[in-house]
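The values are calculated or read from the model by the stated rules, or taken from the named source; none is laboratory data. Keep in mind it's a predicted model, so treat the numbers as computed, not measured. Ideal geometry is used to build each Cβ from the backbone, glycine not excepted, and the neighbour counts take in all protein chains shown. Just the protein is used for accessible areas: all its heavy atoms, side chains included, with ligands, DNA and RNA removed. Shrake-Rupley method; radii C 1.70, N 1.55, O 1.52, S 1.80 Å.
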Amino acid sequence: MATILITGFAGGLARRVARRLLDAGHAVVGVDYRDAPAMDGVTLYRASYDKTAIEDVFRKHAFSAVLHLGRVGNLSKQVERRFELNVLGTQKILTLCRAHGVATLVVLSTFHIYGAHPRNHTPISEQDPLRAGYDFPQIADAIQLDNMASTWVYQYPEVRVVVLRPVNVVGPTIKNSMSTLLRLPRVPYLAGFNPMMQFVHEDDLAAAVEAAMHGSARGVFNVAGSDVIPWRTALDLAELKTFPIPGSLVSLYLRTISAFPGYLVNFFKYPCVITDQEFRRTFGWQPVVGARETLRSITGATSDLG
Amino acid sequence: MSPPYGAKRALLHFLSRRVDPELEAAFAALPNRLNDLGFDMWGFNPAEAARYYPLARSLYDYFRTEIHGVENLPAGRVLLVPNHGGQLPLDGIVIAVACLRHGAPPRLVRPMVERWFPKLPYVNEALARSGAVLGDPVNCINLLEDDQAILVFPEGIAGSGKTIRERYRLKPFGRGFMRLALRTNTPVVPVSVIGSEEAIPSVHNLAPLAKLLHMPYFPVSPFVPLLGPFAYLPLPVKFTVTFGEPMRFDGPWDDEDAAIDDKAAVVQAEVQRMVDDGLRARHSIF
């Protein structure tokens, strides 16, 4: 039995992972900068990742692994706050892992840092450049989080660091930008564009996080779902009501109706298709939920995790 | 073939009425390299392609296209290298239809398109569903290693934007295609297209307007004073497409530029020779 710290515990993914670890007999400690609902068997703390309160969490427990799933991806948070939580917070967690002899650190990054760009080739692998920043500097915090964690992979070998860059995470308990968008009464698509997209179910990603934690390899890995499909096919599979929106009206729509982050708009215009062969080969993971079930899981189903 | 997901959309619905059994049979005969939902990772989907290809075939028929040497297409991976001209990639469309209809077995051609196309609304989707791919070395290597047929225009934008005075004089070939051929051990099939370089004549490239509109070039048709925008409709010239014997190249793919350029020049000379032969053999451009 090991004691494992999971950040971002108010989020659906962290709780999925916690459930799996508890079932496997591990002790789980959760932390979030927001209020997180209680969960049986989990010691819960509220602490900003960039403040001293998180240090106490490391003093009170001896963690064998830290799963840093608490990247702030979206919406309401201002750039400054995202920078504090994502960049300064991740830096602090990395430092604490090293100071407290944590053996394994899994950092959840995102494929958004590759950027959706008309010059993207297919598929994108871990060695490819991160293009997101030059059209949308607002995503700088996510790129820096990833870079910082990736640097640690080889700079401090005493901590085994695994950085995961998953595609759009979708599922009944997930509240990220993509899942929120798919829960709108009518989901928009950009008129004249229908790029290829990838989706990974929250259960598959939870299994991927667990596989990364149990494995012995270190490094940076893409995590893609099963099938690559166009955006509108995805909407059809999810049986959603849709409407076209001309490019010129997108910013007005984002300011008035949807809180979807503007810096992700290009993902509905240009493809950003990644390959996760390296991750599959290294950790023996593969997705079990198909595209259809993944997209349908968005609606209806309620959380069974409380 | 059943209508694809998203066929509710007005455009596809309209196109769905234009069914071409010959093309549908050809698509059905292609080897299956698709995921469960019928797409490859670049966005090719035979069900939707079967809706777009009849438009391409209309162009093919409009130009009364004659083809020669399609039996020269080797099985497995191949790079098709034609001359390029005529402002719009009509040459690429005609070659793609020729290989699908007359290849034995039918071959899906994956044209490598300019970086400009993914930005064009609607066009980008029609191209991707029909099998076109952004011209990029990684895309090309992946497709060749999957034993597919790639169509590249090594003359690039300089070729398609040729004015009528420059027709059928090949612009210098880029060397990218030759590195890819060497790296993936792929035969190169030289192709000549006669007719395409006169289909939309241009006497001048209006560069400032092209820059303003973010276009690679802006052709000026000599018929504009007479016909206005209709001057840009392709003339009913006759197309003749000839596929040459496959050419094989040996040597390191990461050799010096000069060594690669020499090999690319061999292909360029062969395409130019085939173009010159084709021009000598034709009696009328119509």
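In the set (1) among the hydrophobic types (A, V, I, L, M, F, W, C); (2) away from every other protein chain (no Cβ under 14 Å); (3) more than 30 Å from A:His26 (Cα to Cα); (4) in contact with a Phe, Trp or Tyr (Cβ under 8 Å, 6 or more places away or on another chain), the condition left unmet by A:Ala259 is number (4). Pairing each residue of the stretch A:233-262 that is more than 29 Å from B:Gly38 (Cα to Cα) and touching a residue at least 40 places away in the same chain (Cβ under 8 Å) with any residue that is among the hydroxyl-bearing types (Ser, Thr, Tyr) and surrounded by 16 or more Cβ atoms within 10 Å (Cβ to Cβ), provided the two are 6+ apart or on different chains, yields C-beta distances under 8 Å for A:Ala259/A:Thr180; A:Phe260/A:Ser177; A:Phe260/A:Thr180; A:Pro261/A:Ser177. Taken over the stretch B:41-62, the criterion of being within 14 Å of another protein chain (Cβ to nearest Cβ) and under 16 Å from the mean Cα position of the chain (by Cα) is satisfied by B:Phe44, B:Ala49, B:Tyr52. I'd like the residue in the stretch B:87-120 that is within 14 Å of chain A (Cβ to nearest Cβ) and open to solvent by 50 Å² or more (accessible area, probe 1.4 Å) and, out of all such residues, is farthest from the chain's Cα centre (by Cα). Result: B:Lys119. Scanning the stretch B:198-211 for residues that are open to solvent by 10 Å² or more (accessible area, probe 1.4 Å) and either touching a residue at least 40 places away in the same chain (Cβ under 8 Å) or aliphatic (A, V, I, L, M) (or both) yields B:Glu198, B:Val203, B:His204, B:Asn205, B:Leu206, B:Ala207, B:Leu209.
Per the conditions (1) open to solvent by 10 Å² or more (accessible area, probe 1.4 Å); (2) hydrophobic (A, V, I, L, M, F, W, C); (3) modelled with pLDDT of 95 or more, the sole criterion not satisfied by B:Val81 is (1).
When B:Ile67 is tested against (1) free of Cβ contacts under 8 Å to residues at least 60 places away in the same chain; (2) surrounded by 15 or more Cβ atoms within 10 Å (Cβ to Cβ), exactly one condition is not met: (1).
Residue count for the stretch A:115-137 under the criterion of being more than 14 Å from chain B (Cβ to nearest Cβ) and surrounded by 15 or more Cβ atoms within 10 Å (Cβ to Cβ): the result is 4. Comparison of A:Leu44, A:Leu5, A:Leu69 shows that the only residue that is under 17 Å from A:Ala206 (Cβ atoms) and open to solvent by 10 Å² or more (accessible area, probe 1.4 Å) is A:Leu69.
Does the stretch A:156-170 contain at least one residue that is in contact (Cβ under 8 Å) with a residue 60 or more places away in the chain, within 14 Å of chain B (Cβ to nearest Cβ) and buried (at least 17 other Cβ atoms within 10 Å of the Cβ)? Looking for residues that are in contact (Cβ under 8 Å) with a residue 60 or more places away in the chain, within 14 Å of chain B (Cβ to nearest Cβ) and buried (at least 17 other Cβ atoms within 10 Å of the Cβ), one finds at least one in the stretch A:156-170, hence yes. With the requirement that a residue be among the aliphatic types (A, V, I, L, M) and either outside any loop (DSSP other than H, G, I, E, B) or under 30 Å from B:Arg179 (Cβ atoms) (or both), what does the stretch B:235-253 give you? Selection gives B:Val241, B:Met247. Counting only helices (runs of 4 or more DSSP H) that sit completely within the stretch B:105-200, those holding 2 or more residues that are modelled with pLDDT of 95 or more correspond to B:123-130, B:137-145, B:176-184. Among the residues making up the stretch B:140-153, a single one is within 13 Å of chain A (Cβ to nearest Cβ), surrounded by 15 or more Cβ atoms within 10 Å (Cβ to Cβ) and over 23 Å from B:Gln268 (Cβ atoms): B:Asn142. Scanning the stretch A:182-199 turns up one or more residues that are charged (D, E, K, R), away from every other protein chain (no Cβ under 14 Å) and closer than 15 Å to A:Ser297 by Cβ.
For every residue, the table says whether it meets (1) modelled with pLDDT of 95 or more; (2) open to solvent by 10 Å² or more (accessible area, probe 1.4 Å).
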| residue | (1), (2) |
| --- | --- |
| A:His214 | yes, yes |
| A:Val223 | yes, no |
| A:Trp231 | yes, no |
| A:Glu239 | no, yes |
| A:Ser248 | no, yes |
| A:Tyr253 | no, yes |
| A:Ala259 | no, yes |
| A:Asn266 | no, yes |
| A:Thr282 | yes, yes |
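Which of (1) within 14 Å of chain B (Cβ to nearest Cβ); (2) surrounded by 15 or more Cβ atoms within 10 Å (Cβ to Cβ); (3) not in a loop (DSSP other than H, G, I, E, B) does A:Phe243 not meet, given it meets every other one? The failed condition is (2). Among the residues making up the stretch A:7-42, none is farther than 19 Å from A:Glu55 by Cα, modelled with pLDDT under 95 and of a type in the set (Lys, Arg).
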